[in-house]
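Peer 1: One structure, pasted below without further comment.
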Amino acid sequence: MLALAGALAVLFAPSGARSQGGAGLVNPATVVKPQAYVSTEPVAKGKEFQIAVVVDIARGFHMNSHKPSDEYLIPTSLTAQLPAGFQLADTLYPEGKLEKFSFSPNKALDVYTGTVTLKMRLMAQGNAPLGPATIPLTLRYQACNDAACLPPVKVPVTVPVTIAAAGAKTQAVHPELFSATDKKS
């Protein structure tokens, strides 16, 4: 199955997912569009905050969940390259949906489709520099449609934050993305 997935390079895709060269070849980095959000503004030293990466997956495509159905499938992952003064507490992945595809008619696969939100819980430590900062993330996934899979890719996601002194007044932002019931997965 892996040979088949690797050998198929021409896919039927929405026009927004096609490469500039046309000819029906799909650029895997255009099939999935991530957008990052921070839970508080500013981020106070010594307090936990969250980052949400909202991932829009092009219609007709899916990507494996963080816990794919088979070990040979490439899981979706979100990793941080944390600058000095930041600590990662946890990465939270949503549950996938079990779906069957023509290439796997007898076994449902655990996948993400449509829009999914991946989250990270972080802490700005006492040595985090005050003012604007950038937290670089990497979203790794393999996008597939019902006929074939594209090569896996790593897409950079930049998260701008503003660091304030410990005890500074902060404001919760994007409450639609962040909830007190977020749990570890």
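The numbers here are math on the coordinates, done by the rules we state, and not lab data. Small disclaimer: the values here were computed from a predicted structure and weren't measured. Methodologically, a virtual Cβ is constructed for each residue, glycine included, from the backbone with ideal geometry; neighbour enumeration extends over all protein chains shown.
Peer 1: State which entries of LYS33/LYS169; LYS67/LYS169; LYS97/LYS169; LYS33/LYS100; LYS47/LYS97 exceed 30 angstrom in Cα-Cα distance in the structure shown.
Peer 2: From the list (LYS33/LYS169; LYS67/LYS169; LYS97/LYS169; LYS33/LYS100; LYS47/LYS97), the Cα-Cα distance tops 30 Å for LYS33/LYS169; LYS67/LYS169; LYS97/LYS169; LYS47/LYS97.
Peer 1: Another question about this same structure. Could you tally the net charge around ALA128, taking each other residue with its Cβ under 12 Å from the Cβ of ALA128, Lys/Arg +1 and Asp/Glu -1?
Peer 2: +2
Peer 1: If you scale each eigenvalue of the Cα gyration tensor by 5 and take the root, what three semi-axes come out for segment 67-110, rounded to whole angstrom and sorted largest first? Provide the component values of the computation, followed by the final result.
Peer 2: Details: eigenvalues 207, 21, 9 Å².
The equivalent ellipsoid of segment 67-110 has semi-axes of 32, 10, 7 Å.
Peer 1: Sticking with this one: Aspartates and glutamates within cross-link reach of LYS119: Cα-Cα under 15 Å, excluding same-chain residues under 8 positions apart?
Peer 2: GLU48, ASP56, ASP90, GLU95, GLU176, ASP182
Peer 1: Here is a further query. Using each residue's phi in segment 115-122, evaluate 6.51 cos²θ - 1.76 cosθ + 1.60 at θ = phi - 60° and report the 3J(HN,Hα) Karplus result to the nearest Hz, with x for Gly and Pro.
Peer 2: Those phi angles translate into 10, 10, 10, 9, 10, 10, 9, 9 Hz.
Peer 1: A further question on this structure: Would you work out if segment 96-174 is rounded, prolate or oblate? Take a ≥ b ≥ c from the square roots of the eigenvalues of the alpha-carbon gyration tensor; rounded if a/c is under 1.5, else prolate when a/b is larger than b/c, oblate otherwise.
Peer 2: prolate
Peer 1: How big is segment 33-153 by the Kirkwood estimate over distinct Cα pairs, in Å? Working shown, then result.
Peer 2: On the way: mean 1/r = 0.0637 Å⁻¹.
Value: 15.7 Å, from the Cα pair sum.
Peer 1: Under the rule of at least 5 residues apart or a separate chain, name every residue whose amide H is placed under 5 Å from the amide H of GLN125.
Peer 2: Amide H to amide H, under 5 Å and 5 or more residues apart or across chains, GLN125 pairs with GLY46, PHE86, GLN87.
Peer 1: Continuing with the same structure: Report ³J(HN,Hα) in whole Hz for each residue of segment 49-66, in order, from the Karplus equation J = 6.51 cos²θ - 1.76 cosθ + 1.60 where θ = phi - 60°; Gly and Pro get x.
Peer 2: 9, 10, 10, 10, 10, 8, 10, 9, 9, 4, 4, x, 10, 9, 9, 4, 5, 5
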